[in-house]
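Reading through the structure tokens given below for one structure.
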Amino acid sequence: MFGRRERTIERLLVVEDEPLVAFDTEHLLTEQGYQVIATVDRVSDAVAVLADGAALDLILVDVNLADGSGVEVARAARARGTPVMFVTSACPADAQALAIGCLAKPYAQRDLLNAIVAVEQAIAGKPPRRMPSGFRLFAGA
């Protein structure tokens, strides 16, 4: 009756070059029952995960990475049909064309989790019940 709700987003790729943020994100998501397929810190590594055909439900990507822009990852993900949520201090100008949403850094852990739930609801065609602080959901995504 009060069991865990059914998730449609389970498998995530984390693209983050700040080691502490990457570790905390992976730990939080794993603790909450998500499967983190990989945590990478470079555009090239993220694109390689996508090229390998790993089953992914959502990609969390920072924009400013050591070897380029997370926008490149978002373009590769879009070509494959995998939704992206930017997690960054400055959402890129073309974010709405490439991602389903953008969560502003710094963020509270509960805001990240609630942003993922809001994305899940949007993908299912339902209006999100709760919009976390610092999160923008893009209507056309």
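With a/c under 1.5 counting as rounded, go ahead and sort the stretch 74-118 into rounded, prolate or oblate using the C-alpha gyration tensor (a ≥ b ≥ c being the square roots of the eigenvalues; past the cut-off, prolate if a/b is larger than b/c, else oblate).
oblate
Sort out for me the Cα centre separation of the stretch 17-32 from the stretch 36-51, rounded to whole Å.
15
Order Ile123, Ile37, Ile59 by their accessible area, 1.4 angstrom probe, all chains in place, largest first.
Ile123, Ile37, Ile59
Calculate one ³J(HN,Hα) per residue across the stretch 91-102 by plugging θ = phi - 60° into the Karplus curve 6.51 cos²θ - 1.76 cosθ + 1.60, and present them in order as whole Hz with x for glycine and proline.
Each residue of the stretch 91-102 in turn: 5, x, 4, 9, 4, 4, 7, 10, 9, 8, x, 9 Hz.
Which of Gly81, Gly125, Gly70 ends up with the largest GNM mean-square fluctuation for the chain, with Cα atoms connected below 10 Å?
Maximum among the listed residues: Gly125.
Which percentage, to the nearest 5, of the DSSP beta bridges contained in the chain is antiparallel?
25
What accessible area per residue, rounded to a whole number of Å², is obtained for the stretch 18-94 using a probe radius of 1.4 Å?
Normalised by residue count, the accessible surface of the stretch 18-94 is 47 Å².
Provide the net charge surrounding Val43, with neighbours chosen by a C-beta distance below 11 Å and charges set as Lys +1, Arg +1, Asp -1, Glu -1.
Once all neighbours under 11 Å are counted, the net charge is -4.
So for the chain, considering every pair of alpha-carbon atoms, how many percent are separated by more than 26 Å?
When every Cα pair of the chain is considered, 14 percent fall beyond 26 Å.
When the accessible area of the stretch 25-86 is split by element with a 1.4 Å probe, what percent falls to carbon and sulfur?
44
When the distances between all Cα atoms of the stretch 1-55 are binned every 10 Å from zero, what whole-number percent does each bin get?
23, 46, 24, 6, 1
As a test of the formula, what do you get for the chain when each DSSP H run with n ≥ 4 contributes -39,500 (n - 2.57) and the sum is divided by the residue count, at 222 nm and rounded to the nearest 500 deg cm²/dmol?
-11000 deg cm²/dmol
The values are calculated or read from the model by the stated rules, or taken from the named source; none is laboratory data. Note that the structure is a prediction, hence the values are computed from the model and not measured. No Cβ is skipped: glycine too gets one built from the backbone with ideal geometry, and neighbour counts run over all protein chains shown. Each accessible area value is taken on the protein alone, full model and side chains, heavy atoms only, with ligands, DNA and RNA left out. Shrake-Rupley method; radii C 1.70, N 1.55, O 1.52, S 1.80 Å.
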